[in-house]
Amino acid sequence: MPLPAHLTLHQGELHFEGVSLERLAREHGTPLFVYSKAAILQALAAYQRGLAGRQQLICYAMKANSSLAILQTLVRAGCGLDIVSGGELERALTAGCAPERIIFSGVGKTRAEMRRALEVGIGCFNVESRAELDVLDEVARALGQRARVSIRVNPDVDPKTHPYISTGLKGNKFGIAHGEVLQTYRHAAACAGLEVVGIDCHIGSQITETAPYLDAMDRVLDLVAAIEATGIRLHHVDFGGGLGIDYNGDAPPAADALWPQLLAKLDARGYGDRTVMIEPGRSLVGNAGVCLTEVLYTKPGEHKNFLIVDAAMNDLPRPAMYQAFHRIEPVRPRGGDAPVWDVVGPVCESGDWIGRDRALAVQPGDLLAVLSAGAYCMSMASNYNTRGRAAEVLVDGDDATVIRQREGAADQMRLETLLG
Ligand SMILES: *Cc1c(COP(=O)(O)O)cnc(C)c1O
């Protein structure tokens, strides 16, 4: 299977761009996240090509990977940011994102988060319930402001057509149900503290087919027509994120193939003049990162062989959380026998596995690269078992920069108080 972009086997050893992964592991220790700047920019360029010639704003959904240098990389390349918390707002500002290029999504914004976002002047709130609209209206009026809002609609794509995303669409906590959209817009338009500017949807995550996007766009444009018939003008259409990546032979549509099809629908319905906003997360960074880990022990068994590595569920939570698959490749592949292993971490949980039933020729001390680790890994990492979070390195050509130092035990205890 081909390796992700900018990851190559060079002289028998994995490199990200021009940098040897073995050298990085030796210099900075393991577990270690390594990202490729070129891979991030290449993923972004596909969206930029797909939206070329439009009034558009690509807001990177920073929950996928919120490390400051990753944010800077995307912001400098022209992205706005999609945030889901007050903490992410502070990161976005620290990374240099212009406040008006920040949009605030999520079902549970607090009053304090709304206030801070209004004070710094973010571009738009993506509102997910009638109750949230009312609180935002109240907070904005108290500040003597009008909050720009877009309402997240649930486009209710037929789950029979697309069973794989049905849980993302029916009976879930996200968005306003299709049937309640019009009355919610009318209500928002009547609130003195709100300025209705757009509509948005986000139909799911790791979507690898085109059809659900096309269906959702049709449904959203039906709603745009109905909303505008009531006299409310929508300046932007925000189509969310969710485009999948190749974890294991998945073949998601390319952003520059998908977007012309979606834009054709906008044009055909007469909405080609609206600003197009999108919120991609995983598809910008997921395959631009690997996690390097060292094999600590081999533990062959009667029923299973275990390969115990120094990365764990606190570093790579996706397998434990969603039974997710990450490819695992030796950094310096060796010949010989490749027994089948369950690759597991040192954490005291049976759920602490990184890959199951993997044929690998390895010995203790070997390095493995866990692929597709750029999204929803470091940003979900925890300190379970008082394990410090891994260090991170950003590669750019032949250069490598440490963008986050390894977390020590003292870092983890800093906010705690011993009893006297
Ligand atoms: C998580 C999320 C995204 C990004 O999703 P990806 O699958 O990472 O592209 C975009 N918009 C909203 C509202 C989200 O919650």
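Of the residues L214, L81, L316, the one that moves most in a GNM of the chain with alpha-carbon contacts below 10 Å is L214.
Working ranking of peptides 265-271, 64-70, 217-223 by packing, defined as the average number of other Cβ atoms within 10 Å per residue, highest first, is 64-70, 217-223, 265-271. Compute the acute angle (0 to 90°) between the alpha-carbon long axis of helix 130-142 and the principal axis of greatest extent of the alpha-carbon atoms of the chain; round to the nearest 10°. Between helix and principal axis, roughly 80 degrees.
Name the shape class, rounded, prolate or oblate, that the alpha-carbon gyration tensor gives for region 358-400, where a ≥ b ≥ c are the square roots of its eigenvalues, rounded holds for a/c under 1.5, and otherwise prolate holds if a/b is larger than b/c and oblate otherwise.
oblate
Cross-linked pairs K37/K63; K109/K265; K63/K109; K63/K173: Cα-Cα separations exceed 22 Å for K109/K265.
Stretching Q42 away from K265 to a fully extended chain increases their span by 77.7 nm, per 0.36 nm per residue minus the current alpha-carbon distance.
Any idea what diffusion coefficient the chain gets from Stokes-Einstein, in µm²/s, Kirkwood Rh on alpha carbon pairs, 25 °C, 0.890 mPa s? All intermediate terms of the calculation are to be shown ahead of the outcome.
Values: Rh = 22.8 Å.
For the chosen part, D equals 108 µm²/s.
Placing unit charges on the Cβ atoms of the charged side chains and taking the dipole of the chain about its Cα centre, the candidate lying farthest along the positive direction among C377, C291, C79 is C79.
Where a ≥ b ≥ c are the square roots of the eigenvalues of the C-alpha gyration tensor, would you call region 1-95 rounded, which needs a/c under 1.5, or, failing that, prolate if a/b is larger than b/c, or oblate? It is oblate, given that a/c is not under 1.5 and a/b is not larger than b/c. Residues of region 99-115 with the amide nitrogen closer than 17 Å to a label point 7 Å from the Cα of R141, along Cα-to-Cβ, please. Residues passing the 17 Å test: 111, 115.
Between the amide H of N65 and those of Y376, distances stay under 5 Å, these residues lying 5 or more places away or on another chain, with hydrogens modeled in the peptide plane. One chain, two ends: R54 and Q412. Fully extended at 0.36 nm per residue, the span grows by 124.3 nm beyond their Cα-Cα distance. Sorting 120-131, 337-348 by average packing, meaning the other beta carbons within 10 Å per residue, from highest down gives 120-131, 337-348. Here the simple spin-label model places points 7 Å from the Cα toward Cβ, and for T298 and A251 these points are separated by 3.6 nm.
If each residue of separation counts as 0.36 nm, what is the full-extension length gain between Q72 and Q323 once their alpha-carbon separation is subtracted?
Result for the pair: 87.2 nm of gain on full extension.
The antiparallel fraction among DSSP beta bridges confined to region 195-327 stands at about 35%.
To the nearest 20 Debye, how big is the dipole of region 105-280 about its Cα centre, given +1 on the beta carbon of each Lys and Arg and -1 on that of each Asp and Glu?
On the way: 18 positive and 24 negative charges, 119 e Å.
The dipole of region 105-280 has a size of about 580 debye.
Most mobile of D398, D315, D256 per a Gaussian network model of the chain (Cα springs, under 10 Å)? Of the options given, D398 has the highest mean-square fluctuation.
Check I83: other-chain or 5+ apart residues with amide H under 5 Å from its amide H, H built from backbone geometry? Result for I83 returns I103, F104, S105. To the nearest ten degrees, helix 37-50 and the longest principal axis of the Cα atoms of the chain are 30 degrees apart.
Quick one: if the Förster radius is 30 Å, what FRET efficiency do R130 and D273 give, using the C-beta to C-beta distance and rounding to 0.05? Mind dumping the intermediate values first?
Values: r = 29 Å, r/R0 = 0.98.
That pair, R130 with D273, gives E of 0.55.
Per-residue ellipticity at 222 nm computed for the chain from its helices equals -8500 deg cm²/dmol, with DSSP H segments shorter than 4 residues left out and the rest contributing -39,500 (n - 2.57).
If you put +1 on each Lys and Arg Cβ and -1 on each Asp and Glu Cβ, how big is the dipole of the chain around its Cα centre, in Debye rounded to 20? Show your work: numbers first, answer last.
On the way: 41 positive and 50 negative charges, 117 e Å.
That gives a dipole near 560 debye.
In degrees, nearest 10, range 0 to 90: what is the angle between the Cα axis of helix 211-229 and the longest Cα principal axis of the chain? Long axis of 211-229 versus the principal axis of the chain: about 20 degrees.
Read-outs: derived from the displayed coordinates by stated rules, not from any lab. Everything quoted here is computed from the prediction, not taken from an experiment. Positions of Cβ are generated from backbone atoms using ideal geometry, with glycine treated the same way; all protein chains shown enter the neighbour counts.
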